[in-house]
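*Asks:* Provided herewith is a single structure, encoded as structure tokens, for subsequent inquiry.
Every number in this text was worked out from the coordinates using simple rules, so none of it is lab data. Note that the structure is predicted; figures quoted are calculated from it, not measured. Here the Cβ is made from the backbone with ideal geometry for all residues, glycine too, and neighbour counts use every protein chain on show.
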Amino acid sequence: MPYSPPTMAVAGFLIAATLGYFTLYAMKKPEATAKDVAKVATGTAEPQDTHPRK
């Protein structure tokens, strides 16, 4: 193998996380910010972060 298994596991996780983030970002509503998407992607969003602002 060209790299050690732990290195490949970390790289695979980072690739999967990046794809997940960009998938959520592409499907976001127009009023959502990149910060809101990041909060949802990491599971740290509060209800007020996921509702439209007035």
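*Asks:* Limited to the stretch 36-54, what total is found for residues that are in a helix (DSSP H, G or I) and surrounded by fewer than 10 Cβ atoms within 10 Å (Cβ to Cβ)?
*Replies:* Going through the stretch 36-54, the residues in a helix (DSSP H, G or I) turn out to be 36-42, 47-50.
Narrowing further to those that are surrounded by fewer than 10 Cβ atoms within 10 Å (Cβ to Cβ): 47-48.
Residues that pass the stated criteria total 2.
*Asks:* Follow-up question, since we're still on this one. For the stretch 14-54, which residues satisfy the criterion of being of a type outside the set (Asp, Glu) and over 12 Å from the mean Cα position of the chain (by Cα)?
*Replies:* To start, the set of residues in the stretch 14-54 that are of a type outside the set (Asp, Glu) comprises 14-30, 32-35, 37-45, 47-48, 50-54.
Within the stretch 14-54, LYS29, PRO30, ALA32, THR33, PRO47, GLN48, THR50, HIS51, PRO52, ARG53, LYS54 qualify.
*Asks:* Just the residues that are assigned to a loop (DSSP other than H, G, I, E, B) and of a type outside the set (Phe, Trp, Tyr), please, taken from the stretch 1-35.
*Replies:* Start the filter on the stretch 1-35 by keeping residues that are assigned to a loop (DSSP other than H, G, I, E, B), which leaves 1-4, 27-33.
Within the stretch 1-35, MET1, PRO2, SER4, MET27, LYS28, LYS29, PRO30, GLU31, ALA32, THR33 meet the criteria.
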